[in-house]
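I have a structure I would like to understand better, so I am pasting it below and will then ask my questions one at a time.
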Amino acid sequence: MVVKRYEMSPRIQDTPSSDIPQRMRQNIRNHAYTFEHALQQQVEDPEQPASPPSTHTSAYFTWLVFLLEKWIPFDAANQRKVEQTLNLGGTFVDIQDSHFPAVKRVRVFPKSNYLSYLGVKYRLSRIIETDPGMDHQELKDEEDESEDEEVNGSNRRRG
């Protein structure tokens, strides 16, 4: 009898284009607890210079939970944790949120869009919002200018 062995390949490939630090790629395995631990232990790499914060973002995400018959956003610190877990391919993340005072942590499953609180599943929603600091009138003016340039450029080619 011949038994075939299959090796499990990691979900995160060691590609140079990956923005995940090398030590995290070594620590993260296919097990959810290991992934969560790596997220909690993540610290800035002293060898790599800190990237400057982006000054302009066209959109950002807000995570909401359906609780008490309405959609409520998570605390600000937890927004980043949940979004990071989703982006890195994690299964769940444990958070401490002011909307769930009876427990120390709430387990959030961003891929499946639910959280578990005292044995009950609550629905999650991830919404895309425009940057509140962005001047929407300025954006509209920029779009109008680019459309004018396209029209003027095509008229010049004809003449």
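Out of the residues in the stretch 69-110 that are exposed (fewer than 12 other Cβ atoms within 10 Å of the Cβ) and charged (D, E, K, R), state the one that is modelled with the highest pLDDT.
Result: Lys70.
Which members of the stretch 115-125 meet the condition of being over 15 Å from the mean Cα position of the chain (by Cα) and part of a strand (DSSP E or B)? Step through it out loud before you land on a result.
Within the stretch 115-125, the subset over 15 Å from the mean Cα position of the chain (by Cα) is 115-123.
Within the stretch 115-125, Leu115, Ser116, Tyr117, Val120, Lys121, Tyr122, Arg123 meet the criteria.
The values are calculated or read from the model by the stated rules, or taken from the named source; none is laboratory data. Source: prediction; values computed, not measured. Positions of Cβ are backbone-derived with ideal geometry, glycine not excepted, and every protein chain shown enters the neighbour counts.
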